[in-house]
1. Which residue, V51, V227, L10, has the largest displacement toward the positive end of the dipole of the chain when charges sit on each Cβ (Lys, Arg +1; Asp, Glu -1)?
2. What is the distance in Å between the Cα centres of segment 173-218 and segment 14-93?
3. Output ³J(HN,Hα) for segment 323-328: one whole-Hz value per residue in order, computed from phi by the Karplus curve 6.51 cos²θ - 1.76 cosθ + 1.60 with θ = phi - 60°, and x for Gly and Pro.
4. Is the shape of segment 286-362 best called rounded, prolate or oblate, per the rule: a/c under 1.5 gives rounded, else a/b larger than b/c gives prolate, else oblate, with a ≥ b ≥ c the square roots of the Cα gyration tensor eigenvalues?
5. Take segment 222-362, compute every pairwise Cα distance, and split them into 10 Å bins from 0; I just need the percent in each bin.
6. Can you check how the C-alpha radius of gyration of segment 24-100 compares to 2.2 N^0.38 Å, as a plain ratio?
7. Add -39500 (n - 2.57) for each DSSP H run of 4 or more in the chain, then divide by its residues: what number comes out at 222 nm, to the nearest 500 deg cm²/dmol?
8. Over all directions, the average projected area of the alpha-carbon convex hull for segment 169-297 comes to how many nm²?
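Laboratory data are not the source of any read-out in this text; all were calculated from the coordinates shown. This is a predicted model, so every value here is computed, not measured. Virtual Cβ from ideal backbone geometry, glycine too; neighbours counted across all protein chains shown.
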Amino acid sequence: MTGSPFLVSLVPITMLLPMLILSLPAGILADRANRRKIVIGAESAALVGYVTLTAIAIFGNVQVWHVLLLSGFTGVVMATAGPSRMSVIAHLVPAKELQRGVGLSAVVFNLAQIAGPAMGGILIGQFGTEYALAASLFFTLPAILLYKSVHFDGECADKSKAAPPFQALKDGLRYVSTNPELRSLLIGALIVITTISTWNALMPTFAADVLKRGPEVLGLLTLAAGVGALFGSIFSVALASRIPHQRVELVTALVLTLSVLGFAASPWLGASLGFAMIAGLAQTTFMVTNMTVAQVASADEFRGRVQSIRFLIVGMQPFGVLALGLMAESFGPQVAVAVMAGIGGVGYGIAHIMSKRHAASG
């Protein structure tokens, strides 16, 4: 609509920014209320936002502020339900299978990441954006009905429910800060999420300005990253408990850095698709491994609050995306993505070394 990399980067920023404000309260809510009901309510609210954007696209004239406002609304819904959504898995599988359960949920998510962009790219290219938006609505309502069909005891322990909200927040932060494993996991996630993982925010700009192609190629790039992410989530399930998670995270962070640097440098579609697929694989393997170990290492009474801190970290990604967008405006998208990947790779390596030294001295 605008040809501006900065405005493109504002869409994920407005979607993720509410996590900075709402993640911690949402974590307290997840540990004090029925997690299933929270997720169903959030999905229903999200449906209202999707219907609104679709209606504007079909019957009105979509403006930039429409997209940003509804992205922000979706971000509020995501932030509110995020800790509950992730904590729900612990109620559906035995404790010894929790790591594989979280990994399998990532497999399903990444299957959707493949199917959605593939269909969306075709619909946008052949019929227009409004038809792709309308088609997506047919998949949202069944998801809500499926959540309603799932039953479990979603209430948390009496101790957590009895604690005043501010005290519950303090207890959760203290729990994470005094747990070396959780602390290391969250610091590593913070570095990767706010630097290297921002690369796909400029994927529309790469498709249009670097590769000189249309929405069909954007769909292909997203599809390639989705295919890689699917294999990454499958690897995460297969590797669960077999290889130390620190080694998995270090290797995948390195591969992610190198593949994003390759994607930034590539002027050829075939190479860009390959690098996008490898980046998707490495990024998802890192994230799923990091997320599952954090779930397994958390006591159930604190699980919602631990997940809320992780969602808070995800909510910090807009700062990285903002820096990426501003850098792309001045120096071009290729330089911007390469610089962010380099900073993240070096930063994660330093954090990993410091974590090992701390563990050895402790």
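1. V227
2. 19
3. Calculated HN-Hα couplings, in order: 4, 4, x, 5, 5, 5 Hz.
4. oblate
5. 11, 33, 39, 14, 3, 0
6. Here the answer is 1.39, to two decimals.
7. Numbers: 15 runs with 294 residues, N = 362.
My calculation for the chain gives -28000 deg cm²/dmol from helical runs alone.
8. 8.4
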